[in-house]
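K.L.:
Let me give you the structure first, and then I'll get to my questions.
What follows is calculated from the coordinates using simple rules that are stated; it is not laboratory data. Only a predicted model underlies this, so the values are computations on that prediction, with no experimental measurement involved. Here Cβ is always computed from backbone atoms with ideal geometry, including for glycine, and neighbour counts include all displayed protein chains.
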């Protein structure tokens, strides 16, 4: 009778990897998801999955270099042991996916083909057409269906996670969930709960994320006491197609093939772009970065496009921010190579980009921050102790977090094609972790809890639901969400100023008050999507505060978090000894910044708002160094830094030249 | 500037209740698609008669036509709402847009239908590669680019339901497994490891609701949003089941 149960919430790559690994070990799993798991947001990943492979290895690549690229890309904000372990597992994970039948692209000889991605010099990225995420998700979905057929997995699709059930000692004993069709609310007892519930891009209104990426589950866990870490780190991709309902990714290969970015010099010039003469076009990337032109690193491209539209008011349209990405003058051969991505534009914009300049704008793409999780370091390898119950374990006993919902693998900025890897890796290692966690518990702990614990939690959620349904204020949840998104996008994305962040914080307070007066247009008890959205809006407002306040407090530039007021001025002198002096000063300031800010942001829920503290980062494997790509004076800074730090930290290895700064697709 | 157009939606409050049409005036926006239309109606659910109503229930997720969630019947064609652009719809039908749920699945509410039957079919045909386990056992089998070229399109099936909606043989009164599942059989039977379950899959396709139920209308391939060569898969399945039955007949 005293059977132990595991609940996995979320059926994207991370959740499914955990389920199949647990089922393989004979552990029974309840899999809870708002959507049929095959429709999870992982399907949107296009680019690929990184791992060291036989080819790159012979070019000098190693797991250590993959680790280096990952932590350098992340501006050293990740604890290094879990990232090391992930990179070590990369080759094994891609092999496994290969065995599961993922149709990876092949070389003529029949090996897996690999492409090069941002942030590295090596061709580490395996891919399956332009839909790698979809292909990987399907492979795991199929494996989980196999276990479902064997009776080891019970799926609860179209069930929404409402909250954790904690006993009086703060141990998690299960979850409360709601059937999204019948609106029935019930509890599930669990000895371990895994949250693999994705990112929270919807806080920014429209983003590249799916409509389920509200952060609702993360918000509910945070409110129950799970720490939220590094919330302020949000990756913005420079080129997305602004849609009326969402922002869709436009690959940077459009610029790679010669596409040019511009705006009319006259604000909101209404002429057909083709009829605007060259002299009246502002090719701002080419003018500002003559050396790199349109191929500046992603974070710089993002900032410049944002600056031209927001600060200088030169957006192509007033209502909807955008700049032109123009491939109309490319030769047919170059256009042919871009067919795949140009078709996406054509399908969703209804205009042929071969003859009309595309309108694009940066878009929120990935949340590096998330729920805090622990790990156990292996002193011998520098990686993880596999099977340790501490791995992926949050501060609430019995709650584990994986995938984009956790904060652990991407630091201040995610490297492209590392997210699919981090999701599957965390899912696979949480299997043995939970097995050992279950062994350490007295049998049947969760199901033997008093019924009152579960009934009480269900009753509380029913009360909250009725409260929302019967609210009779005058606030429209959809319009309130739009306002929240507009403010968050304006103040807390690409360029951050403390003045704006403060204004945004008081606006969030206002939103929280207005949320109390929210009124539903659907007061029924059958498939009420209005209720589900409104409930998530409350969580979005809660996390918006964590993100914004975290950004306000962090007075530095790191990865995706860019505050021009705290940028260290580049060495500019033409006179060598003065240049050297400036570079030394730069390195001193950089070191002071690291001493103060190379720390994980920790946010704890209180009724009066988040309580912030900071935690040291484990940089035991690779010493932090300046991330200088695209920076003026990069050479002299790197030289000075190397000289200053090498006698003391002799173990530091040669920095790898890094090709691009930010991650993404 | 404030151009509007009409959207007629077939509403059904509950699985066993009747259905009725409601019409909404929606403000036109440049580049608008049908999921945006649904969002605008949700934010302001008032009919043309100025009657307040509830937001239209509908499924949606990725809005990029890779998840398959927002499948519905728009102006008589089954397709994803996210890739249905209003301007193009209005070009063919200037009076407005008409939206209704798929007809081959039980309606849950409004445009939300229960497509569980399709996922159950995937279970029946063992739509997976039965690997030994998830430990590190080296890479998978080597495949030629030509094999990958054949497999990849089949692997893009989103289980969206367009093919079965358009199929005259698939209904709540028939047991036909439908083109999507047949195509998955071909996908997994072509894989060097997936092949171990080949006969079990062909046994299902040889039985009741299997490949003989296909009426060869070829509607499925026309509506597939991912251009999956469904009729090619069906033809292969026909041949493979025949060979399978012969092998079975002669005790292989």
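K.L.:
Rounded to the nearest 5, what is the percent of antiparallel bridges among the DSSP beta bridges in the protein assembly as shown? Could you put the intermediate results ahead of the total?
P.N.:
Numbers: 65 of 86 bridges.
Looking only at bridges with both residues in the protein assembly as shown, the antiparallel portion is about 75 percent.
K.L.:
A further question on this structure: Dividing the convex hull volume of the Cα atoms of chain B by its residue count, what figure in Å³ per residue is obtained? Mind dumping the intermediate values first?
P.N.:
Details: hull volume 41.1 nm³, N = 252.
Hull volume over Cα atoms, normalised by residue count, gives 163 Å³.
K.L.:
Follow-up. I'm checking a number: the convex hull volume of the Cα atoms of segment B:81-190, normalised per residue, in Å³. What is it? Kindly include the intermediate steps, with their values, before the conclusion.
P.N.:
Working: hull volume 19.3 nm³, N = 110.
So the per-residue hull volume is 176 Å³.
K.L.:
Still on this structure, please answer the following. Would you please state which residues of segment A:183-223 a label at residue A:486 would reach in this model, taking the label point 7 Å out along Cα→Cβ and a backbone N cut-off of under 15 Å?
P.N.:
From segment A:183-223, the list is A:204-206.
K.L.:
Mind pulling the angle between the C-alpha long axis of helix A:576-597 and the longest principal axis of chain A? Nearest 10 degrees, somewhere in 0 to 90.
P.N.:
Around 10 degrees separate the two axes.
K.L.:
Tell me, what is the FRET efficiency for residue A:472 and residue B:49 to the nearest 0.05, using R0 = 22 angstrom and their Cβ-Cβ distance as r? Intermediate values should be presented prior to the final figure.
P.N.:
On the way: r = 24 Å, r/R0 = 1.07.
Efficiency for this residue pair is about 0.40.
K.L.:
Could you calculate, for segment A:434-482, the ratio of the Cα radius of gyration to the Kirkwood radius, expressed as Rg to Rh? Kindly include the intermediate steps, with their values, before the conclusion.
P.N.:
On the way: Rg = 19.0 Å, Rh = 14.5 Å.
Ratio of gyration radius to Kirkwood radius: 1.31.
K.L.:
What is the list of residues in segment B:159-202 whose amide nitrogen lies under 17 Å from a point 7 angstrom out from the Cα of residue B:146, following Cα to Cβ?
P.N.:
Output list for this probe position: B:190-192.
K.L.:
Right, something else. Quick one: if you stick a label point 7 Å off each Cα along the C-beta vector at residue A:343 and residue B:208, how many nm between them?
P.N.:
If labels sit at residue A:343 and residue B:208, their model points lie 4.1 nm apart.
K.L.:
Something else now. Please compute the volume of the convex hull spanned by the alpha-carbon atoms of segment A:181-223 and report it per residue in Å³. Working shown, then result.
P.N.:
Working: hull volume 4.7 nm³, N = 43.
Measuring per residue, one finds 110 Å³ for the Cα hull of segment A:181-223.
K.L.:
Based on Cα positions only, what radius of gyration and what Dmax would you give for segment B:132-176, in angstroms?
P.N.:
For segment B:132-176, the Cα-based Rg and Dmax read 17.3, 47 Å.
K.L.:
Quick one: angle between helix A:63-73 and the longest Cα principal axis of chain A, in degrees between 0 and 90, rounded to 10, please.
P.N.:
The answer is roughly 80 degrees.
K.L.:
Take residue A:115 and residue A:182, extend 7 Å from each Cα along the Cα→Cβ direction, and tell me the distance between the two endpoints in nm.
P.N.:
Going by the 7 Å Cα→Cβ label model, 4.6 nm.
K.L.:
Hey, how much of the P(r) for segment A:479-589 falls beyond 25 Å, as a percent of Cα pairs? Intermediate results must be reported in sequence, preceding the final value.
P.N.:
Values: 2670 of 6105 pairs.
Of the Cα pairs, 44 percent sit more than 25 Å apart.
K.L.:
What distance in nm lies between label points placed 7 Å from Cα along the C-beta direction at residue A:286 and residue A:578?
P.N.:
Spacing of the two 7 Å Cα→Cβ label points: 3.4 nm.
K.L.:
Compute the separation of the alpha-carbon centres of segment B:206-246 and segment A:40-92 and state it in Å as a whole number.
P.N.:
The distance from the Cα centre of segment B:206-246 to that of segment A:40-92 comes to 42 Å.
K.L.:
Here is a further query. Calculated FRET efficiency, residue B:217 and residue B:247, Cβ-Cβ r, R0 22 Å, to nearest 0.05? Numbers along the way, then the final one.
P.N.:
On the way: r = 29 Å, r/R0 = 1.34.
Efficiency computed from Cβ-Cβ geometry: 0.15.
K.L.:
Okay, moving on. Please say if the protein assembly as shown is rounded, prolate or oblate, where rounded means a/c under 1.5 for a ≥ b ≥ c the square roots of the C-alpha gyration tensor eigenvalues, and otherwise the choice is prolate for a/b larger than b/c and oblate otherwise?
P.N.:
Working: a/c = 1.29, a/b = 1.21, b/c = 1.06.
In terms of gyration-tensor shape, rounded.
K.L.:
With a 10 Å cut-off between alpha carbons and a GNM built on chain B, which of B:173, B:142, B:124 moves the most?
P.N.:
Taking springs between Cα atoms under 10 Å, the residue moving most is B:142.
K.L.:
Let me ask something else about it. Once the Cα atoms of helix B:179-190 and of chain B are each reduced to a long axis, what angle between those two axes, in degrees from 0 to 90 to the nearest 10, is obtained?
P.N.:
That helix lies at roughly 30 degrees to the long axis.
K.L.:
Taking 25 Å as R0, compute the FRET efficiency from the Cβ-Cβ separation of residue A:525 and residue A:452 and round it to 0.05. Provide the component values of the computation, followed by the final result.
P.N.:
Working: r = 25 Å, r/R0 = 1.00.
About 0.50, to the nearest 0.05.
K.L.:
Fewest Cβ neighbours within 10 Å first, please rank A:386, A:203, A:93 accordingly. Working shown, then result.
P.N.:
Working: A:386 16, A:203 33, A:93 24.
With the fewest neighbours first, A:386, A:203, A:93 line up as A:386, A:93, A:203.
K.L.:
Please report the antiparallel percentage of DSSP beta bridges with both residues in segment A:1-138, rounded to the nearest 5.
P.N.:
Details: 5 of 9 bridges.
The answer is about 55 percent antiparallel.
K.L.:
What ranking of B:149, B:92 emerges when the number of other C-beta atoms within 10 Å of each C-beta is taken as an exposure proxy, fewest first?
P.N.:
B:92, B:149
K.L.:
Could I ask something else about it? P(r) for segment B:11-99, please, calculated from all Cα pair distances in 5 Å bins and given in %.
P.N.:
With 5 Å bins starting at 0, P(r) equals 3, 13, 23, 26, 22, 10, 3, 0.
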